[in-house]
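Where a number appears in this text, it was derived from the coordinates with a stated rule and is not lab data. This is a predicted model, so every value here is computed, not measured. Cβ placement follows ideal geometry from the backbone for every residue including glycine, while neighbour counts extend to all protein chains displayed.
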Amino acid sequence: MISDKLLKCVVLLLRERRLTGQFPTYQEYVAAREASDAALRDAGINPDSKGVDMATVEGLCDEMKAARIEEFGDDDGSQRLPSVFFRTGLGAEAAITVTAPDGRISHRNPEYCATEVGGARLGNVVNELGFTCEVVPGPAVELLGNWKESDTVPWIKLAQGPKLNAGQLLMFFNHNYPAAQVEKKLKQEINDALGHDSGTDRV
């Protein structure tokens, strides 16, 4: 039987510290997540399966905040983008550049440019909310003419067809909103993309 302490170590680390305002560093979060994932694998459970706390809206909110504090220090509410989740040019993945038809080069707004980690984490959360999806690559912004971007970024492709930019959805998690408000905004965005009205077909 898997240890309850190991299974919930990420929850304890993040939620208990939230009470005193002492959030962990991103390295502490990663160490806790790795310990939890290892315990799950030892028990024959896929760490990305349903029931793992970091696949929840609240878990991703906490992870985002931990990454922001680790990179920028005290969380002053300025909503700076942590490079673990957004391609700002400060992390492992280079910032996205755009080349115009005349050869001029500019940088794409990183709010449209999630990292692979960001896309994967978001995909887990969207699936956990009941929307079947997969993470697929695509341009940060739809390109017309001979404009070119330096790389693709993650998109959330819903089973019913629509695609949503992962970076734009991740921005909901970067405002220190309560998890319930983030979940409401995320579901609304997805349901709007699916063309659902206020009827019973909404998740």
Which order results if Ser150, Ser106, Ser83 are arranged by neighbouring Cβ count within 10 Å, fewest first? Ser106, Ser150, Ser83
Whole-percent tail of the Cα-Cα distance distribution for region 97-194, cut at 18 Å, equals 48 percent
Label point distance in nm, His196-Lys163, each placed 7 Å from Cα along Cα→Cβ: 2.2 nm
